[in-house]
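The values are calculated or read from the model by the stated rules, or taken from the named source; none is laboratory data. Model, not experiment: these values are computed from the prediction. Cβ coordinates were reconstructed from backbone atoms using ideal geometry, including for glycine residues, and neighbour counts include every protein chain displayed. Calculation scope for accessible area: heavy atoms of the full protein, side chains included, ligands and nucleic acids excluded. Shrake-Rupley method; radii C 1.70, N 1.55, O 1.52, S 1.80 Å.
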Amino acid sequence: MKKLGLKIKLTLLAVVPAIIVTLVISFLIALRIYLVMKDDTEEQLKSVAYAVREMLSAQDSGDYVVNGDTLYKGSRDLTYLNDVFDNYYNNSEMYVTIIMDDTRMVTSVKNNGERATGTQIDGEIAKKVLGGEEHLASGVMVAGNKSVVAYIPLYQPGGNICGSVFAGMKQSKMVSNIRRTLMMIVVIASISLLVVGIAAAILASRVTNIIINAQEVCLALASGDFTKQNVEKGIGRNDELGAMARGVNTVKEKFGEAVSGVRSNIGELLSDAEGLQETAAGTSVTMDDLSRAVSGIAAGATSQAGEVTSAAADVAGILDKMEAVNRNVISTSDNTDAMTDASKQVIDTFGKLIADIETSIRSLDNIVDKMEGVASAVNDVNIAADDINGIAAQTNLLSLNASIEAARAGEAGKGFAVVAGEISQLAAQSKESADKINEIMSKLHQETDSAVALVKDMNTVMNRQRESSNESKTSLESLVSSIKSTKEMVLEIKTSSDEVKDLCASLNDSVSNLSAISEENAASAEETASSVEQISNAVAHVSDMSEELKSMSTKLSDLIGFFKI
């Protein structure tokens, strides 16, 4: 694709924004004209409706009355207004209608040649106007055409709203007026753009000529030719183009002088660069040897500082461990004291326990004696119960004999027979009681034997507990003696630990001082090595720079040979 020239680009740079601005302004003006003309048309229609309403008020002072298809104002028939409204439409192309409620009564609106009298308007519009509001709108269909309309309320002389007055105009008429206005704007904008384009082309041609002249001089400078004539066009201008032309000429002159000066001094610069390179090379070798020696010293100092620091850390660790040992010894001493006190309390407790056990053993012996006495008493009760059973048997036998004798005696022995019967019952009851006593005493004897055996077992256990308590008391007394010996040894360990701690603290101070001195020596050695290394690097850098300077001098000499003065 062929690139556009500078002249065309400058022309387009001026014309394209002008076209865009003109189109935007034209659109805004057209929109404004449409809105203004729409508002003016609506206001004009509303004014016509107001004028018709005032004219109707002047017709008669009576009320509006509808009689069939005829509208009256008082006694005045308003049918003649159809012709008046037709004439007004022919002159102004505006419709006028008198509406009662929602029905057209007098109108210049015609549908297919038929007057629209007796037809209804839009229900929403009628409701709005009968509510006392005015209605202005565009795009409303009237007689098959989109129209701009105005509805205002129509009042009875008493103030009540009875209908409305309508005024309307075909929207196409308003649009044609707007179109004519827009055509005028388009023509004016086209003429303005043509003038701007011509002016931009002339200005672009002048600017391009100056730039082309400056370009020719700059291209000659780029090829190393300073013999080209200076820029001539635009020198006398006071704007940026004139400043550019004069600047190109100044650059050409100053750069030519600089090239001449560089060419005269380039040989001397090349000789100095070679001498500097030889000096830098010798110095670099010397600094390398010095750097290796200082690096060895720094490494030895650093190693020594590390070893001393490690020794200081070890001594500090020993000191910390001795502190821990000392704390443990103190804690052990305290624990032995506590163990001694606790053991003494346990020994006392065992003494009391042994005394209580011996008391319990004696009490159990007493209980055994008493239980054996209870067993003997139970045997005595059993013997007595057996005696009661024998007496009951003999009594029962005697009662039987008495009953027999009483039977023999007949009537004289009846009373004795009754007594014999009572004695027999008492003998039976005595035998039952004796049997119960025998049974209870038998169970009591068994329980007593079990209790005696249990108490004897408890006595045996208590004897064993007494022996075990005596043995435990003896062991605790031996333990107390061992704890006292341990405490004495712990105190001796504490004394030795304190002495070792003091020695370690003194050694730690000495090692810390030695570590600080070693670190300072290492730091000084490292700083010296670093300084020597920096100097060595600087010398190497100077050597490299001298090499580069020599190379640059050679290149500069070749480059200067490119220019023609």
Distant-in-sequence amide H partners of Val142 (H built 1.01 Å from N, under 5 Å): Ser147
Calculated Rg and Dmax of region 404-490 using C-alpha coordinates, Å: 36.0, 116
Volume per residue of the C-alpha convex hull in region 385-450, rounded to whole Å³: 47 Å³
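Return the loop-located GluC sites (Glu not before Pro) in region 76-130 (DSSP other than H, G, I, E, B) with at most 13 other Cβ atoms within 10 Å of their own Cβ; answer none if there are none. Could the numbers behind the result be given before it?
Numbers: sites: Glu93, Glu114, Glu124; in loops: Glu93.
Loop-located and lightly packed - Glu93.
If you put +1 on each Lys and Arg Cβ and -1 on each Asp and Glu Cβ, how big is the dipole of region 1-98 around its Cα centre, in Debye rounded to 20?
Charge dipole of region 1-98: 1520 debye, to the nearest 20.
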Per residue value of the accessible surface for region 316-448 (all protein chains in place, 1.4 Å probe), Å²: 65 Å²
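Can you pull a Stokes-Einstein diffusion coefficient for region 15-78 at 37 °C (0.692 mPa s), Rh from Kirkwood over Cα pairs, as a whole number of µm²/s?
Numbers: Rh = 15.7 Å.
For the chosen part, D equals 209 µm²/s.
Contour minus end-to-end for Ser450 and Thr474, with contour as 0.36 nm per residue of separation and end-to-end as the Cα-Cα distance? Display every interim value, and only then the final one.
Values: separation 24, 0.36 × 24 = 8.64 nm, distance 3.64 nm.
Gain in length upon complete extension: 5.0 nm.
Any chance you could list the semi-axes, whole Å, largest first, of the equivalent ellipsoid that the Cα gyration tensor gives for region 380-420, using √(5λ)? Don't skip to the end; give the middle numbers.
Details: eigenvalues 184, 11, 3 Å².
They are 30, 8, 4 Å, listed largest first.
Using a Förster radius of 35 Å, what is the FRET efficiency between Glu492 and Lys352 based on their Cβ-Cβ separation? Nearest 0.05, please.
On the way: r = 36 Å, r/R0 = 1.03.
Once rounded, the FRET efficiency stands at 0.45.
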Where labels lie 7 Å past Cα in the beta-carbon direction, separation of Asp386 and Val418 in nm: 4.0 nm
Pair-distance profile P(r), taking every C-alpha pair of region 41-99, with 5 angstrom steps and integer %: 4, 17, 26, 25, 16, 10, 2
Probe 1.4 Å - accessible area at Val195, Å² to nearest ten: 90 Å²
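Would you mind getting me the FRET efficiency between Ser75 and Asn111? Use the beta-carbon distance for r and R0 = 30 Å, nearest 0.05. Don't skip to the end; give the middle numbers.
On the way: r = 31 Å, r/R0 = 1.03.
Efficiency, rounded to the nearest 0.05: 0.45.
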³J(HN,Hα) computed for each position of region 376-386 - Karplus, 6.51 cos²θ - 1.76 cosθ + 1.60, integer Hz, glycine/proline x: 5, 5, 4, 4, 5, 5, 5, 5, 5, 5, 4
Where Val129, Val175 fall by accessible area, highest first, once all protein chains stay in place (1.4 Å): Val175, Val129
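Cα convex hull of region 91-203: mean projected area in nm², to one decimal?
Details: hull surface 43.0 nm².
Directional mean of the projected Cα hull area for region 91-203 stands at 10.7 nm².
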Inter-site label distance for Val186 and Arg464 at 7 Å from Cα along Cβ, in nm: 13.3 nm
Rounded FRET efficiency, nearest 0.05, which uses the C-beta distance separating Ser481 from Asn379 and R0 of 45 Å: 0.20
